[in-house]
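Quick notes on the structure that follows.
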Amino acid sequence: MRVGVIGAGIGGLLVGAKLSRMGCDVEIYERLPFAGGRFTNIEYRGYQLSTGALHMIPHGERGPLGRMLAELGARVEIVPSKPSATIRIPRGNSFEDLEFSEFISRLGFWKGLMYRLLILEACLSIGTGSSFRDWIARRLSDEGVAKLADSSCGWALSVTSGEVSASEGVSIIANILKYGGSGVPMGGCRSVVNALIQVIEESGGRIYTNKKVDGILVEDCTAESLCIGGEDITYDLIISDLGHRETQRLIRGDGHIGCSGVKRYEEEVASMHPTSGVKINIGSSESLIDHTGILLTPYAERVNGLNQVTNVDPSLAPPGKHLIMAHMAMRGNDPEEEVRLGLEDLEMLFPNAEYEVLMVQTYRDGWPVNRCAPGEDIGNRTPYDRLFVVGDGAKGRGGIEVDGIALGVEKTVEAIMQM
Ligand code: FAD
């Protein structure tokens, strides 16, 4: 089977690696000069910054991505975060960092019991209420818990807990219980990308960089070929790693007019929204975080959390330095104001520390944090035969970031097998 893949982000590489290992003849086209999309390293003054991700894999080595990499023989060492997270809360004029269990035990007996009830509901997939915030507040009304829910959603999804549906929030918790907490790949995001490239090339697949796909030609409701540099290249199967919206924009020809489900698909696609965020990259001689997980900051104005990835892999910064990355969901429409508030947060969170802001990156529109907000995901199928969508615009319920992408790739491959 000849497969054409549009985009060499982690979604395109994963599906390309899976299908080439299964014996398909895979060609991947990437418009940029490098593969990896929003999941690869940018070297800057000896620091390994990134094109997007915070060098973390949400469910670590036991999650869908970790397992898929192992199955494919893609060699990446994923170090489990210990603890998964601590929570910085105010104490007098200063702060203290609590592990999650300590945070819950400080809620007292009754609220602690309500918390356990919520977890039980999540296990049973009972997600009632309009939003994740409502779902929590129904049982557990507590300002600290509400702030923690917002900073966790801001860190993982770039939205507030009020913007996540209750059923999506419950599915995410269920996945955390099922697969476990995060991990950091040694070498950062690029090590995952390089390992996948190796699998694809060893299995006879090809990745073409600097090759933009200009269109997908649809004939009789079937995706037939890719239009690249004035040439039409025919495939048995086309997979797009661009999300549904960008994929829809590439459809060419009259062959899609009147196909069943197209109108509904166009409406669903039009109602999707990307999520936006800001990442502040910090270099420091002194350690700002003393563990390998996330420092959640629910009491900050904008910053949702930070990680210090050099605690796992010191080679991500020059000798003697630490790389710390702060992430925040973008709340307002003025990126400069968001950045200003984020930098103020850092001064408040680390009042006596001497650190250097290396680079501030904003993510929105065509290069967002997530291509579609949680709960807006419509899966991997399109109304056109032989055209599928993978990547962070098509993860499926409860899928977080690259682990959600791996779940979507798994479902896509299953659907292809049934064709
Ligand atoms: P992309 O990486 O966007 O890949 C799509 C590719 O298609 C791109 O390379 C693009 O250049 C190419 N392309 C586009 N149009 C065309 C065309 N016409 N022809 C050919 N090629 C084309 N996830 C985690 O798991 N852990 C994290 O710590 C994490 N942190 C994040 C922090 C930030 C600030 C951001 C922005 C994201 C973060 N994420 C994280 C999310 C994660 O980075 C993305 O979900 C993931 O990288 C998306 O991969 P993708 O393959 O879906 O899309």
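Of note:
- Distance distribution P(r), the chain, all Cα-Cα pairs, bin width 20 angstrom from 0: 27, 56, 17, 0 percent.
- Among Gly129, Gly108, Ala300 - extreme Cα towards positive end, dipole of the chain, charges at beta-carbon: Gly108
- Rolling a 1.4 Å probe over the protein heavy atoms of region 1-90, with every protein chain left in place, gives an accessible area that is 52 percent carbon and sulfur.
- Computed from Cα atoms, the angle from the helix 10-21 axis to the main principal axis of the chain rounds to 50 degrees.
- DSSP-loop trypsin sites (Lys or Arg not before Pro) across region 200-263, with at most 15 other Cβ within 10 angstrom: Lys212
- Build a GNM of the chain with springs between Cα atoms under 10 Å apart, and of Val369, Val159, Val218 the one that fluctuates most is Val218.
- Region 225-372, accessible area per residue, ligands and nucleic acids excluded (1.4 Å, Å²): 44 Å²
- Carbon/sulfur fraction of accessible area - region 331-419, other protein chains in place, 1.4 Å, %: 45 percent
- Set of lysines near Lys178 by C-alpha distance (under 26 Å), chain-local residues within fewer than 8 positions excluded: Lys18, Lys82, Lys111, Lys147, Lys395, Lys411
- Each part gets one Cα centre, and for region 103-148 versus region 202-258 those centres are 45 Å apart.
- Simple label model, 7 Å out from Cα along Cβ direction - Ala353 to Glu219, nm: 5.9 nm
- Length gained on full extension, Ser260 to Phe100: 52.7 nm, using 0.36 nm per residue less the C-alpha separation.
- Between Ala270 and Ala70, the simple label model (points 7 Å from Cα in the Cβ direction) yields a spacing of 4.6 nm.
- When the Gaussian network model of the chain links Cα atoms closer than 10 Å, the mean-square fluctuations of Ser260, Ser20, Ser84 top out at Ser260.
- Surface analysis of region 101-180 yields an accessible area of 47 Å² per residue, using protein heavy atoms and a 1.4 Å probe.
- Across all directions, the average projected area of the convex hull around the alpha carbons of region 306-419 is 10.2 nm².
- Whether region 201-287 is rounded, prolate or oblate, judged on the alpha carbon gyration tensor where a/c under 1.5 counts as rounded: oblate
- Cα-based helix-to-principal-axis angle, 166-179 vs the chain, degrees rounded to 10: 90 degrees
- Applying a 4.7 Å Cβ-Cβ cutoff to the chain leaves Cys24, Cys123, Cys153, Cys189, Cys227, Cys372 as cysteine residues with no disulfide-compatible partner.
- For the chain, share of DSSP beta bridges that run antiparallel, in % to the nearest 5: 70 percent
- Taking only protein heavy atoms and a 1.4 Å probe, the accessible area of region 171-281 is 48% carbon and sulfur.
- Principal-axis analysis of the Cα atoms of the chain puts helix 189-202 at an angle of about 20° to the longest axis.
- For q = 0.12 Å⁻¹, Debye-computed log10 I/I(0) when each Cα of region 136-293 counts as one equal scatterer: -0.91
- With the helix formula -39500 (n - 2.57) applied to DSSP H stretches of n ≥ 4, the chain reaches a computed 222 nm mean residue ellipticity of -10500 deg cm²/dmol.
- Taking the Cα centre of the chain as origin and assigning +1 to Lys and Arg Cβ atoms and -1 to Asp and Glu Cβ atoms, the resulting dipole is close to 700 debye.
- Among His256, His322, His55, the largest mean-square fluctuation in a Gaussian network model of the chain (Cα springs under 10 Å) belongs to His256.
- Residue-by-residue Karplus 3J(HN,Hα) for region 394-403, coefficients 6.51, -1.76, 1.60, Hz, glycine and proline x: 8, 9, x, 4, x, x, 9, 6, 5, 5
- Karplus 3J(HN,Hα) series, Hz, for region 406-414 with 6.51 cos²θ - 1.76 cosθ + 1.60 (x for Gly, Pro): 4, 4, x, 5, 4, 5, 5, 5, 4
The values are calculated or read from the model by the stated rules, or taken from the named source; none is laboratory data. What you see is a predicted model; the values in this text were computed from it and never measured. When we count neighbours, we look across all protein chains shown, and the Cβ atoms used for this are built from the backbone with ideal geometry, even at glycine. These accessible areas exclude ligands, DNA and RNA; they are computed on the full protein's heavy atoms, side chains included. Shrake-Rupley method; radii C 1.70, N 1.55, O 1.52, S 1.80 Å.
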